[in-house]
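Here the structure is laid out as structure tokens; the discussion comes afterwards.
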Amino acid sequence: MINVTFWGTRGSIATPGPKTARYGGNTSCVEARTGNEVIIFDAGTGIRGLGLSLLEEFGSKPFTVHLFISHTHWDHIQGFPFFLPAFQENTQLRVYGPPGRDRSLESILRVQMDSDYFPVELGAMKASITVKEINDSVAINNVTVEPFFLNHPAMTFGYRLTSGKNSVVYATDNEPYRHTLHRGSLSKKQESDYPEYLDMKFVEFLEGTDLYIGEAQYTTKEYPQKIGWGHSSIEDTVEFAWRAHVGKLAVFHHDPLHDDKTIDGMIRIAQKLVAQHGAKVKCIGAREGMKLKVG
């Protein structure tokens, strides 16, 4: 059994307010519990509330948190300085993420807390913190977390968490290669075959997962003006889901310009697309505070 809780579902920038109250305004953060393991995907502003919940749960007892960062754009790390368990000596904090392009993952987290941007430095965190750049799967007792490179303007991972026969894929900030790899930089054969090959490798990564937390930031109408920004339309994300025979798709990383009513409409579109293909994927909109049981 994997218990999933959404603490932040928004992309780009936090958007609090009455028009976003139902799906939430905090940026990306998802908690997965399996057995005694506490696993977190991304440290957007939603991680602040998660940290408060963990302190209430564990109090002064020691506990370990495994935090997997998809990439270091602001909406995925800006909550990290406000994650209060990191300031407690009884916390073991293990941070994982993709290799840095120009700077290490640790240095980026440290720079974010430089005195020019934030009043408290990373060194003030009293927890036992390790930061590890990964390329392969991470084994956490009986749990495996496998990374997969996504198509985004940064070094970006999606993650597949497997516990027994159950799995969850967290893959936000991803754009189909078939929309971006045909701009004169490839041979004629590659222009027709290679982008589709890369997209199918992502389908293989998703194949059969129980829960796919998938980014669909744009409507189909919006997407043509956003090509190359590293995000997907609702149509493309749903196609990945039905091609990979996933059990449930939780549409995630909602655009800051999308209010609750707009997201409702996108979910209805997703459900219609699944029905048109005769697929069995259940499509829902990820909401802040939503809890899902997988398995």
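The values are calculated or read from the model by the stated rules, or taken from the named source; none is laboratory data. Everything numeric here is computed off the predicted structure, so don't read it as measured data. Here Cβ is always computed from backbone atoms with ideal geometry, including for glycine, and neighbour counts include all displayed protein chains. Only protein heavy atoms, including side chains, enter the accessible area calculation; ligands, DNA and RNA are left aside. Shrake-Rupley method; radii C 1.70, N 1.55, O 1.52, S 1.80 Å.
Annotations
- Within the range 106-123, the set of residues being surrounded by 12 or more Cβ atoms within 10 Å (Cβ to Cβ) and either in contact with a Cys (Cβ under 8 Å, 6 or more places away or on another chain) or not hydroxyl-bearing (Ser, Thr, Tyr) (or both) comprises Glu106, Ile108, Leu109, Arg110, Val111, Gln112, Met113, Phe118, Val120, Glu121, Leu122.
- Residue match in the range 12-21 (condition: touching a His at 6+ places or on another chain (Cβ under 7 Å) and either touching a residue at least 40 places away in the same chain (Cβ under 8 Å) or open to solvent by 30 Å² or more (accessible area, probe 1.4 Å) (or both)): no
- Condition check for Ile213 on (1) among the β-branched types (Val, Ile, Thr); (2) in contact with a helix residue (DSSP H, G or I) (Cβ under 6 Å, 6 or more places away or on another chain); (3) farther than 15 Å from Arg178 by Cβ: one failure, at (2).
- Answer residue from the range 37-57, given it is touching a residue at least 12 places away in the same chain (Cβ under 8 Å), of a type outside the set (D, E, K, R) and out of contact with any helix residue (DSSP H, G or I) (no Cβ under 8 Å at 6 or more places or on another chain) and is farthest from Tyr212 (Cα to Cα) among those: Gly49
- Residue within the range 22-31 that is surrounded by fewer than 20 Cβ atoms within 10 Å (Cβ to Cβ), modelled with pLDDT of 95 or more and not charged (D, E, K, R) present: no
- Beta carbons closer than 9 Å, at least 6 apart along the sequence or on distinct chains, pair a first residue in the range 200-224 that is touching a residue at least 40 places away in the same chain (Cβ under 8 Å) and in a loop (DSSP other than H, G, I, E, B) with a second that is open to solvent by 40 Å² or more (accessible area, probe 1.4 Å) and β-branched (Val, Ile, Thr) for Thr209/Thr162; Thr219/Thr262; Thr219/Ile269; Thr220/Ile269.
- Residues of the range 200-217 satisfying the condition of being open to solvent by 10 Å² or more (accessible area, probe 1.4 Å) and in contact with a strand residue (DSSP E or B) (Cβ under 6 Å, 6 or more places away or on another chain): Phe205, Asp210
- For Lys280, the conditions (1) basic (Lys, Arg); (2) within 19 Å of the chain's Cα centre (by Cα); (3) not in a helix (DSSP H, G or I) are fulfilled apart from (2).
- Total residues in the range 139-162 satisfying the condition of being assigned to a strand (DSSP E or B) and open to solvent by 20 Å² or more (accessible area, probe 1.4 Å): the figure is 7.
- In the range 218-246, of all residues being buried (at least 17 other Cβ atoms within 10 Å of the Cβ) and among the small types (Gly, Ala, Ser), the one that is farthest from the chain's Cα centre (by Cα) corresponds to Ala244.
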